[in-house]
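Okay, so here's the structure we're looking at.
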Amino acid sequence: MLTRRAFLHASAALSSGLLLAPWLQTALGAPTTGSAPRRFIFMHKGNGLFPQVMVPPSLNNDDKDKEQRKQAFSVDLKQHELPEWMSPVAEHKSQMTILQGLSGKMCTTGHHTWQSSLGVYKANEALTSIKWATVDFELARMFPSPLEHIELACFPNDGGNARGNINGIEKGFSARGPQQPNYAFGSPKVAMQELFKSVSSNQSDRIQYELERRVLEFTAGNQSGLAAQVSGGERTKVANYVESIDSIRARNKKLEEMGDVIRRNLPQLDAKYLADDLSTTNRQWGHTEILLATLISGMTNVVTFTVDELGTHYTGLKGIENERVNLHDVGHGKGFGSLNADEIRRTVRTQHMALINKIITRLKGVPEADGNMFDNTMLFYFPDNGETHHSTGVEWPFVVFSGRNAKLDIAGRYIRLPYYGEEGHQTLGNWYTTLLNAHGNPIEHYGELDVALEKMKRNQKGPIKQFV
Amino acid sequence: MKTIVSLLILAGLLLLMTESPVCAQNAAGDATVPKDVAAVLNKFCAECHGEQTREAELRLDSLASLEKTARLEVMGKAQEQVAFELMPPQDANQPSAEQRQLVADWFASELRKNNTPTLEDKMRLPNYGNRVDHAKLFSGEVKAKPFTPARRWLVSPQIFTERVFDVLKLDERERAGKRPAGMYGVTNPFTLPERSGVRDYDLTAVDGGHFLVMQTNASWIADRIIGTIRIKLGEPVEKVLENKADRWYPLRGSMGGKAWAFDAFEVLIRKTSPPTQDELFAAIQLQFANALQRPANETELRSYLGLMREVIELGGNTEGLRKMLVAVLLESEFVYRLEFGAGEPDEFGRRMLSPREASYAIAYALGDKGPDATLVKAAQEGRLNSKDDYEREVKRLLADVTSFKGPVDPAYRNEHNDAYISTPHPKLVRFFREFFGYPLSLRVFKDVERSDGLYRVPDRGTNGTPGYLNVEADRVVARIVEADRNVFVSLLTTDEFFVYHNMDNEKGEKLIEGWRKVYETLKDTNWKQDPEQVAKDHAALLQQYVAPGAMKGKGRGVHETDLSRIMTLFEVTFGRGGRPFTTVPWAHGNRFWHSPFYNLPRTPREGEYDRDAAFDYHPVQPFALPHRKGILTHPAWLIAHSQNAATDPIRRGKWIREKLLAGSVPDVPITVDAQIPEHPDKTLRERLATATSKQECWKCHQHMNPLGLAFEMYDDFGRYRTVEQLEHPDNVIAKAKVKYGADTYKTASLITTGRLDGTGDATLDGDVTDALDMIDRLAKSERVRQSIIRHAFRFFLGRNELLSDSQTLINADRAYISSGGSFQAVVVSLLSSESIMYRK
């Protein structure tokens, strides 16, 4: 078992700046040989993800039986067909993992879950419920980048996170630390404005950027003067403040220096993606372009994408383009237009897979080191609340896509882990611990423990050993 | 167990010894071990940790490879070990005080040379508070003059909120409305650590995360101010505030009735040409007054003028205003309390707080808002320059029972109406709730089934069962603080508690008596067979004593009262010698189910009326409960100091050692996997003994276990018990029959004995029969009284006490005794002490 000391030493090494090089290489347009950064994309959906829709239809009877009885087994996806709704990502089957059997009863489940699925605790709208940084932030800090982390969201129209302005910058589904929600960009337009303002060709955006820069410069000057007048511990208090401002200025400067790279990779978005009243599917496509641009340009290595939430009123779905689909009603079995609830669920998932296909295909087209960018990327597709609409967290299905250099040995497989409460059962906490450990964070266990499993005396700490 | 910590400490000592007395190029770079230091180390450490003996399996050649950082860490730890007399071991020869000092000082000087925190720096940390020798502090022998180091003290979350309200010019009514949930666009960047004990220290520095949040907040606040002005000038709200979920703006609805507060800003927005210098100065001064509560000085005026002109040239008047508003809010002063002292230093090098600083120090000690008009006036007129001045103002504010009145914790207001926990001086109650740490019960997750379906876990929009229990603990504390007699003893020993008290005594008593009258009148009627007729025959009686309008004739909704329903309730309560709760079980949102955690019968719930003994509600509260004495036996405290699925004698014992006995227990060594082993047949006490009885464990656990184990008379939900359920899957006797019901396990007899030591009073120290015996002894202890006063000092001063604060603490202790146990007397004494008045 790793000690806290070992963890601290490892953390110190990771935060020492030694790993800053890759993004800087990208920024400077240098050939990205040697160690490339690891990239992570967390794409989560609302309304649950049924375990039964994840199963390859071509399983033999024995495996089908195991699946029915939720017994652990694993098969090579190469030998199997994917479920129909996964057809958009069929090309990436060898890099794909369908992971079943995780549980998340230590999370808030049911309709809305806030930071629960990424933080592995019971989060709700009260900031005090945010116990620690979500796993995406933990990874982002291990692989530093100028913006550290970007969160994009198709916010719900009603209920759940960020009630209100679905086009704005609102509290998201990730957390920077205890009681510190992250902020997510609600629309491609606002994300464009904020993330790419340093290279904007729009005069008003340029002026805003310049004015903000001026205020930071002014504040930094003021506070530096103040820091010079005090000493000892008191100086630290002001100096920290100055450093905070300076680090933001430095970040902006880096982004300015990366101007050419960013400009080269600027999202190419038609007007319809930048409109205020865009359809949900266009919002998703628009966000996908932003996601790709920030990753490819090296602005960030981690993107979290709320592809929808229970309170999303879907528009633009294939086959029912003119319907406004209330996902909550779908969860209760209601159909819209010509499609019943199951068909709508399938259509929604297929749309998500099409987005993923676009992301992976594009990343595969960008050279990096001796391969391409996807080699160093992992993408996770999962529900924000578990196995169904009124979920209890007894299952938490994942689809994972991992590139050639992935640290986990899971690609190309359908994996069903032991069911909840059975010997060897694994939780979301074990899963994220596996990810963190595999990438160099030796944390003993990430996330809350499941009290009921505790009562059953199940060991639930640590990574999923067979994955590493 | 050979921990890494002790290993490293020994490593450090050995390193120094072996390289001494010659000059050594060691950990600290060019450190030389002076001969006299080396002599002490050789004499007292070498015997066990020499090259031959290799205690701790230490090899000298491997020590030499320690990196500089690790070596400095060793020296830091070693300094502590020597200074706190933890090394050499008690049974070994001990160096003299001078020799210890010599070695500790040398470590300190080496650390300082390398910019590494020394013991002196660490002594400012909360967990080092008790390291200041208690006996010495209260001995009266310390003659050093009290002072607080000149400082910036980061504002508390509550003060931050009030400062934002100040900027937006909110009146008290608007503030009260906004406090519970906060403002849409403002995230409080500061949180206090979640721990038992004083949480708000002057040590915190803002960091990058804080600044990012402050940036977002500042933009939102500036938008609100500018938005308000634009709306006043006639622009439609929808256009100005596009987010329909965020259309609040200051002064809304009172635009005509209240003085317009943003004149100087409005001028800039109205104007189409560049503003004059005077107009810009006026705007800057207004924002300084609103945000920093002081005028800008000449330098600041010039500097901000430059910023505004630059921005206006580029972006126009409104942008110029916006950026100035933001920039002032980004001044670090907005988030710090500044206490540097002013004027000439006295003969001891201390400066007295300026009257203005003093007015804030006093105001923030007793509340979250800045100074009131009287304090401001006193400061302006130079009447805050002496102990008498401070005392006068503190006494005045404490005598004011309306200005500060409010809920102890506004976050609970959504669940419990504010009158329920309203108290004249919430800050005083806040000290005790932090000191006891019972609000941490919210953070201890409990399995509903283990509680037999009674425990509601805090969740979205609710604080669940611990929320109710915390409010009830707040009420016990508030009542004792308000009575202000024998406060500490009462808090530790009261047997009077509040349970479900959601109606004042008089009203509740009247309601129950009315209900009883209904029951007595109707019990022998035909109400079971023909309720409608009985209801009709006694319509007037029912109208008078049962909630008017609730007696529905037709059908029945889930939450509606009808005769059958209420008479059935009365039958299972009055009819069995009890009394019903004043809120009927079927009332919407009634989740008062936690009475069993006080060992009271279950609240009657429809369908389960025969499950438990008769419920007897006490409309007049507080009332006496058996097997309980004070806050340490309150379910909220017991849950807060428990594990998820078991009690926690270690945590309970540590709390008593540190909070009541002014003692210290080191942190868990980093290599110790602190787990209590599972065993189907052993009680927690037995399993704990297995884990901690080894000598190296017992060294620390002896200071906790004997104190905490006396509390084994309560389970982890706070229930008094006489046996312990052996909750292991092998021991299930009967599975639960109902959903969320608890399984029944084999039980084992319970031992509740413990041992008290460390009071410094031989008549109190010794074996105790149980927690109640221990609490009685603690309540009589002078050490306990003084320990609480030490914590009060930390709460009101925002720092650990120094030896030089000795006189302040002695005076506060005397004030408590001479006033008959008034906590207010302690507060007056602390807030008019030289410790608060002087900075150095």
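The values are calculated or read from the model by the stated rules, or taken from the named source; none is laboratory data. Quick caveat, the model's predicted, so the values are computed rather than measured. FYI the Cβ positions are ideal-geometry reconstructions off the backbone, even for glycines, and counts take in every protein chain you see.
Here are the numbers for this structure:
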quantity: Flag if B:Y545 is among the hydroxyl-bearing types (S, T, Y) and modelled with pLDDT under 90; calculated: no
quantity: Conditions (1) within 12 Å of chain A (Cβ to nearest Cβ); (2) under 25 Å from the mean Cα position of the chain (by Cα); number of the one not met by B:G177; calculated: (1)
quantity: Whichever residue in region A:217-235 is in contact (Cβ under 8 Å) with a residue 24 or more places away in the chain and crowded, with 19+ Cβ neighbours inside 10 Å and, among such residues, is farthest from the other protein chains (Cβ to nearest Cβ); calculated: A:A220
quantity: Filter result (in a helix (DSSP H, G or I) and crowded, with 18+ Cβ neighbours inside 10 Å) within region A:81-92; calculated: A:W85, A:M86, A:P88, A:V89, A:H92
quantity: Wholly enclosed helices (runs of 4 or more DSSP H) of region B:89-190 bearing at least 3 residues more than 30 Å from B:K35 (Cβ to Cβ); calculated: B:134-137, B:157-167, B:172-178
quantity: Single residue of region B:234-248 satisfying the filter (at the interface with chain A (Cβ under 10 Å from one of its Cβ atoms) and in contact (Cβ under 8 Å) with a residue 60 or more places away in the chain) that is surrounded by the most Cβ atoms within 10 Å (Cβ to Cβ); calculated: B:D246
quantity: Candidate set: region A:185-216, residues that are under 30 Å from B:T204 (Cα atoms) and touching a helix residue (DSSP H, G or I) at 6+ places or on another chain (Cβ under 7 Å); chosen: the one farthest from the other protein chains (Cβ to nearest Cβ); calculated: A:R213
quantity: Those residues of region B:714-723 which are away from every other protein chain (no Cβ under 13 Å) and either surrounded by fewer than 22 Cβ atoms within 10 Å (Cβ to Cβ) or assigned to a loop (DSSP other than H, G, I, E, B) (or both), in sequence order; calculated: B:D715, B:F717, B:G718, B:R719, B:Y720, B:R721, B:T722, B:V723
quantity: Meets criteria (part of a loop (DSSP other than H, G, I, E, B), within 18 Å of the chain's Cα centre (by Cα) and within 14 Å of chain B (Cβ to nearest Cβ)) for A:G393; calculated: no
quantity: Qualifying positions in region B:349-386 - assigned to a helix (DSSP H, G or I) and touching a strand residue (DSSP E or B) at 6+ places or on another chain (Cβ under 7 Å); calculated: B:E357, B:Y360, B:A361, B:Y364
quantity: Condition check for B:Y304: in contact (Cβ under 8 Å) with a residue 24 or more places away in the chain, within 37 Å of the chain's Cα centre (by Cα) and within 9 Å of chain A (Cβ to nearest Cβ); calculated: no
quantity: Entirely in region B:396-494, the helices (runs of 4 or more DSSP H) that have 2 or more residues that are within 12 Å of chain A (Cβ to nearest Cβ); calculated: B:464-483
quantity: Residue within region B:621-634 that is in contact with a Leu (Cβ under 6 Å, 6 or more places away or on another chain), at pLDDT below 95 and within 27 Å of B:D447 (Cα to Cα) present; calculated: no
quantity: Some residue of region B:255-267 being touching a helix residue (DSSP H, G or I) at 6+ places or on another chain (Cβ under 8 Å) and within 13 Å of chain A (Cβ to nearest Cβ); calculated: no
quantity: So B:A646, is it within 27 Å of the chain's Cα centre (by Cα) and within 14 Å of chain A (Cβ to nearest Cβ); calculated: yes
quantity: Count - residues of region A:442-451 that are under 18 Å from the mean Cα position of the chain (by Cα) and surrounded by fewer than 22 Cβ atoms within 10 Å (Cβ to Cβ); calculated: 0
quantity: Residue ID - farthest from B:D368 (Cα to Cα), chosen from residues in region B:387-428 that are at pLDDT 95 or above and of a type in the set (K, R); calculated: B:K387
quantity: Members of region B:623-654 found to be part of a loop (DSSP other than H, G, I, E, B) and buried (at least 18 other Cβ atoms within 10 Å of the Cβ), listed by number; calculated: B:L625, B:R628, B:K629, B:G630, B:H634, B:H641, B:D648
quantity: Candidates B:E357, B:E344 - the one that is within 30 Å of the chain's Cα centre (by Cα) and either within 29 Å of B:R179 (Cβ to Cβ) or more than 14 Å from every other protein chain (Cβ to nearest Cβ) (or both); calculated: B:E357
quantity: Top-ranked residue of region B:186-225 - restricted to ones that are farther than 22 Å from B:F288 by Cβ, among the small types (G, A, S) and more than 9 Å from chain A (Cβ to nearest Cβ), ranked as surrounded by the fewest Cβ atoms within 10 Å (Cβ to Cβ); calculated: B:G197
quantity: Considering residues of region B:661-692 that are among the aliphatic types (A, V, I, L, M) and closer than 25 Å to B:D765 by Cα only, the residue modelled with the lowest pLDDT; calculated: B:V665
quantity: Some residue of region B:775-797 being surrounded by 22 or more Cβ atoms within 10 Å (Cβ to Cβ) and within 30 Å of B:D452 (Cα to Cα); calculated: yes
quantity: Selection from region B:315-341 of residues that are farther than 28 Å from B:T228 by Cα, among the charged types (D, E, K, R) and within 11 Å of chain A (Cβ to nearest Cβ); calculated: B:E339
quantity: Region A:236-258 - residue that is surrounded by 15 or more Cβ atoms within 10 Å (Cβ to Cβ) and more than 9 Å from chain B (Cβ to nearest Cβ) and, of those, farthest from B:F340 (Cα to Cα); calculated: A:M258
quantity: Single residue of B:I229, B:I159 found to be farther than 27 Å from A:R213 by Cα and of a type in the set (A, V, I, L, M, F, W, C); calculated: B:I159
quantity: Region A:418-460, residues that are at pLDDT 95 or above and within 13 Å of chain B (Cβ to nearest Cβ); calculated: A:H445, A:G447
quantity: Failed item in (1) in a helix (DSSP H, G or I); (2) in contact (Cβ under 8 Å) with a residue 24 or more places away in the chain, with B:A689 passing the rest; calculated: (2)
quantity: Top-ranked residue in region B:81-100 [being out of contact with any helix residue (DSSP H, G or I) (no Cβ under 6 Å at 6 or more places or on another chain) and either in the same structural domain as B:C700 (by TED's automatic domain parsing) or surrounded by 14 or more Cβ atoms within 10 Å (Cβ to Cβ) (or both); ranked as farthest from B:V665 (Cα to Cα)]; calculated: B:Q94
quantity: Residue satisfying condition, being crowded, with 19+ Cβ neighbours inside 10 Å, of a type outside the set (A, V, I, L, M, F, W, C) and under 29 Å from B:T633 (Cβ atoms), within set B:T603, B:T583; calculated: B:T603
quantity: Any hit, region A:440-452, residues being in the same structural domain as A:R69 (by TED's automatic domain parsing) and in a strand (DSSP E or B); calculated: no
